[in-house]
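Contents: one structure, followed by commentary.
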Amino acid sequence: DIAPGAGNALDARRGTRDFIAGAASETWGYSQEYLGPLLRFRRGRIANISVTNRLDEPITAHWHGMHVPGYLDGGPQLAFGPGETWAPELPIDHPAATLFYHSHIHGRTGPQVYRGLAGMIIIDDPGIKDPLPHDYGVNDFPLIVQDRRFDRSGRMIYGLGMMDRMHGFRGDQILVNGVVRPKLTVPAGLVRLRILNASNARVYDFRFTDGRQFHQVASDGGLLDRPLAMASLQLDGAERAEIVVDFSDRSPVSLVSRDIRMGGMMNGGMMGDWGGSMMMGDRGMMGDRGRMGDRGMMGMGGNSGTPLEIMSFDVGEASPAGPTRLPTSLPSDAPALGDPVRRRDFTLNMHTRGMMRGGMMGGDGQMMGINGEPYVMDRIDETIRAGETELWRINTDMMMRHTFHVHGTSFRVVRQNGRPVDSARIGWKDVVRVQGPTEILLRFDKLASEETPFMYHCHILEHEDVGMMGQFTVT
Ligand code: C2O
Ligand code: CU
Ligand code: CU
């Protein structure tokens, strides 16, 4: 479904797909019935892309993670309506990496991405010799992982209940590249998997059924400086990781994840492998909204013991070419950021003073926000000077778990959930999980004006859509 070099003209259009035998779901895609083609760009070139909107509502095409100026970034201000074409010329000035593209309409990103307006970008850097498997479709595969819900007749549905509004949407069926639990035949040797969590909100901790080790070689913004051995990999929404897996033992294996459902502090970090039925009904934790503290409701949020099957692998013959061992170091691109000259604080708020006008939220129509304010399209929240390193401190109220994504640059994580972390092991990021005080170091080299500012937001799309977003200029 995802082939490289599928031309540079994308048509955002409607389609249908039979995800589960027998029922056609209405889907959207960029030039495909569902999702978009793999876009493959070379560092140092200019990519001419044109996107035509053949749907009946405004959309955008945001190049998530790519370092391009604001007027090319595809944020909410760059919406184009039905029948219109947007044709940016993108200077590719980004290290080799696996990126993401998706629509980014304020208030509609969740439903539009869910329908299928999303895809993967691969950046190649001709200036480095890639020591990893890189034969696309042979020993190098894209895995776009999404969770979806289907009704009884097998049609894909997006409906937000109370839990979905609070924690973000979670589906119980996992798609990889638009297919439910696919099987992939890989060569008996080292294989690179480029994993993109393109789910609206679901968090995965990927692992193999036989517990085998694998190596992470890249995160959001490009290669790590050395392969990192692990047996499980956690990815929040919009995060990417490239991993190298050794299939030379030829045994078939599956990729699975725990069914992580809870949005709050119990996931990972503070409470570790919390798998039971403990509830978040404590009023102290949930604040003063009595109905959210209802034990019955919150009790639905456990991590169930049954792993979700993501996909399975069959092993064929060894491929004739391709590296047979991992290098000990990788050609990562690591400009030093230096010391920060400024600090900014951001608190992700589950409730703000703002109220939704439309019917998206239903109920009391509360908006979420950052630093007390829900996102407003014509308000600039921060003004930033190009070329200056800053330290951003991000926190969350009510101990809820969120992510924080920044447009226009990649950053280093220096502290996560109150603890110092090894930035080098985490690599270059554009999304970070936040469930306690988190600090990132960043610098902007691409400019963004008031007309087309950059965004920062929670990448739980249901939070972003109700206002957990802000925007800034870089001058
Ligand atoms: Cu993946 Cu502001 O976006
Ligand atoms: Cu983005
Ligand atoms: Cu959030």
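The values are calculated or read from the model by the stated rules, or taken from the named source; none is laboratory data. Only a predicted model underlies this, so the values are computations on that prediction, with no experimental measurement involved. Cβ atoms come from the backbone with ideal geometry, glycine included; neighbour counts cover every protein chain shown.
Descriptive notes on the structure:
- Some residue of region 401-412 being exposed (fewer than 14 other Cβ atoms within 10 Å of the Cβ) and either at pLDDT below 95 or more than 12 Å from ligand 3 (Cβ to nearest atom) (or both): no
- Spans of strands (runs of 3 or more DSSP E) in region 42-124 with at least 3 residues closer than 23 Å to residue 457 by Cβ and within 11 Å of ligand 1 (Cβ to nearest atom): 62-64, 97-102
- Under the condition of being surrounded by fewer than 19 Cβ atoms within 10 Å (Cβ to Cβ), part of a loop (DSSP other than H, G, I, E, B) and of a type in the set (D, E, K, R), the residues counted in region 370-400 number 4.
- Pick from region 36-90, criterion within 21 Å of residue 443 (Cα to Cα) and among the charged types (D, E, K, R), ranking: modelled with the lowest pLDDT: 43
- For region 396-431, a residue qualifies if it is away from ligand 2 (no atom under 13 Å from the Cβ), closer than 26 Å to residue 447 by Cα and either under 15 Å from the mean Cα position of the chain (by Cα) or assigned by TED's automatic domain parsing to the domain that holds residue 218 (or both), and exactly one does: 428.
- Annotation: of all residues in region 447-472 being assigned to a loop (DSSP other than H, G, I, E, B) and among the aliphatic types (A, V, I, L, M), the one that is farthest from ligand 1 (Cβ to nearest atom) is 447.
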